[in-house]
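Everything on this sheet refers to the single structure shown next.
The values are calculated or read from the model by the stated rules, or taken from the named source; none is laboratory data. This is a predicted model, so every value here is computed, not measured. Neighbour counts run over all protein chains shown; Cβ positions are idealised from the backbone, glycine included. Please note that ligands, DNA and RNA were not included when accessible areas were found on the heavy atoms of the full protein model with its side chains. Shrake-Rupley method; radii C 1.70, N 1.55, O 1.52, S 1.80 Å.
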Amino acid sequence: MGRLLSPEDIAKLTLVSSPALNPQKKLVAFLVTKMNLEKDKYESAVWIYDLESNEAYPFTGGPDDSCPKWSPDGERLAFVSKRGLEEGDKGASLYIASLGSREPWKLAYFKGGIVGYEWSPDSSRIAVVSKVGEPHEDVKVIDRIPIWRNGEGFTYNVRKHVFLVDSSSGYTVQLTEGDIDVGVVVWSPDGRKLAYTASVEELKPYETRVYIHDTVTGEKTELPLRGFSIVALAWSPSGDQLAFIGRNVEQGRGFASHNRVYLYDLETGMLRVLTEGLDRNTLNTLGSDSRWKSCSPLLKWAPGSGKLFFFVSDAGKVSLYTTTPEGNTIVYLRLEDKSVDEFDVDPDGRLVVFTAMSPVEPRELYVAEDGRVEKLTRFNEAFTREYTLTLPEHFKFKASDGTVIDGWILWPPKEALESSGKVPWILYIHGGPKMMYGDGFYYEFHLLAHKGFAVVYTNPRGSDGYTEEFADIRCRYGERDYQDLMEAVDYVLEKYGDKLDPERAGVAGGSYGGFMTNWVITHTDRFKAAVTQRSISDWISKFGTTDIGFYYNAAMIGCGEPPWRNVRAYLEKSPLMHVEKAKTPTLIIHSTEDYRCWLDQAIEFFTALRLNNVKTRLVLFPGESHDLSRSGKPKHRVERLKHIVEWFMEHLKEHRKEEKPSPRDG
């Protein structure tokens, strides 16, 4: 019989990430991260897995290393680190370690931090993307939008640029300049040119242009691509084609569109979609609260195989796919009981190292070759043995319009069940909305189950993992998506009516899920408690106060228009405008530096609920961003979980104060 989880036990997880295979196909570098509650920080170090001896060992001592990448000659390993910097110091350094000496040395320091980097094919240079500029320390004088970005703070006069670093001396020169924000960068096979994406238009920061920069002559060429939001680039082995993952957000279904794999011919200018017949997103959009920093590729061309490797999200599962320049797209690696979460592949396209997770197992490192899959690490095995983690039950139901909806229910382990009666339960709604539930590991869900709650979660309309039509709820937030959720509630109460207590149901969600939680409690009183996090209550104020609101709200809520041209749509879709119908006791959790859904959203809704005599509590986390639940300070993550558990215990558990605490709760 296993133990039951407490909020503090989240620090027992080991977060495995960023697998990188060396060119000799013998060593895998990866990142191992732990939460240190006493120091209130994450401690990460680079590890090596030897595929010949089947041994894993720490390569660096940490405690703040990340993003390991092998030099193409396989002789050196680079990584990003903040070692030597004091708490609160800005920037990061690029370190190099020789496999012979294993003593890393600091190659170059960047005050603006390191957004990403890539080795040149001959291992002589490294292209680094770093921030240039910084906001004023006191009075802010601002001439452009957005004024800030989530996770970064004020960015109105900060730009991201490419630097070239000599990998031996550390000599650094800035390659790009001007009013642009560089995204991703890749070297041409001959090591002479760099292709990179950049955002160049103030009012369209989502649009990325593609440039090719000749590092010898200094010549810069812009490719004739418009309207695309591009997240990954890969150069063909011959150097005459450029593949990318992206979507044209100014055509078709806009921000509801799927990312696709494209191929651009640099000689003819022809652009083709390689995944034309695949009506699924070619990115990993699986939700989880148990990840850490990743520098693994989203798209990789294996020259020996002639294939491109990439993710596909499908009905709650992420698999690895390949395609060819002719568009022959197939599944390369699909796991029955888990999802592929990161990957790297050898030049021949035969050996793949990857991380994978399941609903009952956090990420571990794996290898696949010729159809054989082997698990390499077992960092979390002791954790999963110590605690009783139940496997969610998958269900499907037909919505009222005939569309099939995926859902899951996580039951409490026997040790957590009440002595008698039906089980209290929580409908949890994911963010996005273009993301999906499925194989992802959620510590929070298991914690709630260990406190005696069943957790129900689904992929309603708007979710990723299905067709573009399924994902497209532009101008229709709170309509078919809300209907799917309420029909899911009806379905589980009918299917599991002998187990689930209809009188003790809660609802929770974050971001879009927070919006939907607010929408739910202002349109029905069937839930007895709610927890809304990093939520949206007022689409008009969100339009002007957040990093993406001025274009995303217009596209998704305003039917392409700002509030002053379509105020009715913004008001109608704002939960704040329906607050007089609210009765559900509501806990509001928000971060003070959440610039994706700013603080005003929480304060407005809290004030409105109080004025309407709804029992409510506002919990604010200072210094945290929109990503509190995934990467906030460890103590804040624990505190957040405590508040959620206590709120649901108070409102969904009968006679909670008379119950004696379990000895397992410490």
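Tabulated results
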item	result
Amide hydrogen neighbours beyond the local backbone of Phe228, cut-off 5 Å, H modeled	Thr208
Cross-link reach list, lysines versus Lys495, counting only Cα pairs under 19 Å and skipping chain neighbours closer than eight places	Lys396, Lys398, Lys422
Accessible area (Å², per residue) of the chain, counting only protein heavy atoms and a probe of 1.4 Å	40
Set of lysines with alpha-carbon distance to Lys12 below 20 Å, sequence-local pairs under 8 removed	Lys34, Lys39, Lys41, Lys293, Lys451, Lys633, Lys635, Lys642
Centroid-to-centroid separation of segment 214-275 and segment 628-649 [C-alpha atoms, Å]	41
Calculated [θ] (222 nm, deg cm²/dmol) that DSSP helices of n ≥ 4 give over the chain, each run adding -39,500 (n - 2.57)	-4500 deg cm²/dmol
Loop-located chymotrypsin sites (Phe, Trp or Tyr not before Pro) in segment 139-189, at most 13 other Cβ atoms within 10 Å (DSSP)	Tyr171
For segment 375-501: span of alpha carbons on each principal axis (Å, largest first)	46, 42, 19
Carbon and sulfur %, accessible surface of the chain computed with the full protein complex present, 1.4 Å	49
17 Å tail of the calculated P(r), segment 272-377, as % of Cα pairs	50
Relative contact order of segment 329-399, pairs being alpha-carbon contacts under 8 Å that are 6 or more residues apart, as %	20
J(HN,Hα) series, segment 622-630, from Karplus relation 6.51 cos²θ - 1.76 cosθ + 1.60, nearest Hz, glycine and proline x	x, x, 9, 10, 5, 9, 3, 6, 10
Relative contact order %, the chain, counting alpha carbon pairs below 8 Å whose residues are six or more apart	10
Pairwise Cα inverse-distance average, inverted: Kirkwood Rh of segment 492-625 (Å)	15.2
Square roots of five times the Cα gyration tensor eigenvalues for segment 162-263, Å	26, 16, 11
Kirkwood estimate for the chain, i.e. one over the average of 1/r between Cα atoms, Å	25.9
Calculated diffusion of segment 75-189, Stokes-Einstein form, Kirkwood radius summed over Cα pairs, 25 °C and 0.890 mPa s, µm²/s	159
Arg565/Thr607 FRET efficiency (R0 22 Å; Cβ-Cβ; nearest 0.05)	0.20
Relative contact order (percent, whole number), segment 495-650, Cα cutoff 8 Å, 6+ residue spacing	22
Cβ crowding within 10 Å averaged over residues, with 551-558, 6-13, 219-226, 318-325 ranked highest first	551-558, 318-325, 6-13, 219-226
When segment 41-111 is reduced to its Cα atoms, the Kirkwood hydrodynamic radius in Å	12.9
Those trypsin sites (Lys or Arg not before Pro) in segment 89-193 that DSSP places in a loop and that have at most 16 other beta carbons within 10 Å	Lys90, Arg102, Lys111, Lys140, Arg144, Arg192
Exposure of Ser238 as accessible area (Å², to 10), given a probe of 1.4 Å and all protein chains	90
Segment 82-179: GluC sites (Glu not before Pro) in DSSP loop, at most 13 other beta carbons within 10 Å	Glu86, Glu87, Glu137, Glu177
Reachable aspartates and glutamates, given that their alpha-carbon falls under 15 Å from the alpha-carbon of Lys82 and they are not under 8 places away in the same chain	Glu43, Asp64, Asp65
